[in-house]
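First comes the structure, then the notes that go with it.
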């Protein structure tokens, strides 16, 4: 008799959608320019600027002032950067930082990343790393024509996100 091996459905495979690196600098001017230089040197990408939505006098922030930078990575370079960033965190993440299909963590100093040296002209920046996971078929919720909802069985749960991280060698506490 032939033994039937149950194959896992390829649509259920969890994939890395994107990694977003965010620098919340909090002020415009020279510090923003140094942040742009650092991200271009680190990621070989030109970062997008983020602007303040409202004026906060106590922090010295004006509405529509540039106060941060962000870069979105996808594909192989997203996975490469994610592995470097996780090494900084010693391959450990808190359960609180994990959500259904997403997780994020902070890096105190960008010079902790492997292969990055301190440059006195630029200084030291901290950054947030936000990671989004997806399954094949998620496009139906994003497309313009014949948009549909993602079924509850096809959504990624928190437990599946933790299993995906453990597959990378990350311990979740």
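The values are calculated or read from the model by the stated rules, or taken from the named source; none is laboratory data. Note that the coordinates shown come from a computational prediction; the quantities given were computed from them, not determined experimentally. FYI the Cβ positions are ideal-geometry reconstructions off the backbone, even for glycines, and counts take in every protein chain you see.
Farther than 21 Å from residue 20 by Cβ, over 19 Å from the mean Cα position of the chain (by Cα) and surrounded by 12 or more Cβ atoms within 10 Å (Cβ to Cβ), is that true of residue 140?
Values: farther than 21 Å from residue 20 by Cβ: yes; over 19 Å from the mean Cα position of the chain (by Cα): yes; surrounded by 12 or more Cβ atoms within 10 Å (Cβ to Cβ): yes.
Judged against the criteria, residue 140 is a match.
Cβ-Cβ below 8 Å, separation at least six or inter-chain, first residue in segment 110-122 and part of a helix (DSSP H, G or I), second modelled with pLDDT of 90 or more: which pairs?
If the second residue must be modelled with pLDDT of 90 or more, the pairs left are 110/38; 110/42; 110/124; 110/125; 110/126; 110/127; 111/124; 112/88.
Looking at 145, 162, 156, which is the one that is part of a helix (DSSP H, G or I) and either touching a helix residue (DSSP H, G or I) at 6+ places or on another chain (Cβ under 7 Å) or farther than 25 Å from residue 23 by Cα (or both)? Let's see the steps before the verdict.
Details: 145 fails: part of a helix (DSSP H, G or I); 156 fails: part of a helix (DSSP H, G or I).
Only one candidate qualifies: 162.
Under 6 Å by Cβ, and 6 or more places apart or on different chains, what pairs join a residue from segment 134-163 that is in contact (Cβ under 8 Å) with a residue 24 or more places away in the chain and on the phi < 0 side of the Ramachandran plot with one that is loosely packed, with under 15 Cβ neighbours inside 10 Å and not in a loop (DSSP other than H, G, I, E, B)?
134/15; 136/11
Considering only segment 24-47, state which residues are under 23 Å from residue 63 (Cβ atoms) and out of contact with any helix residue (DSSP H, G or I) (no Cβ under 8 Å at 6 or more places or on another chain).
24, 27, 28, 29, 30, 31, 32, 33, 35, 36 - these are the residues of segment 24-47 that are under 23 Å from residue 63 (Cβ atoms) and out of contact with any helix residue (DSSP H, G or I) (no Cβ under 8 Å at 6 or more places or on another chain).
Can you tell me which of (1) over 22 Å from residue 69 (Cα atoms); (2) in contact with a strand residue (DSSP E or B) (Cβ under 7 Å, 6 or more places away or on another chain); (3) surrounded by 15 or more Cβ atoms within 10 Å (Cβ to Cβ) is the one residue 132 doesn't meet?
(1)
When you check residue 134 against the structure, is it more than 19 Å from residue 98 (Cβ to Cβ) and either more than 18 Å from the chain's Cα centre (by Cα) or outside any helix (DSSP H, G or I) (or both), yes or no?
Details: more than 19 Å from residue 98 (Cβ to Cβ): no; either more than 18 Å from the chain's Cα centre (by Cα) or outside any helix (DSSP H, G or I) (or both): yes.
The answer is no for residue 134.
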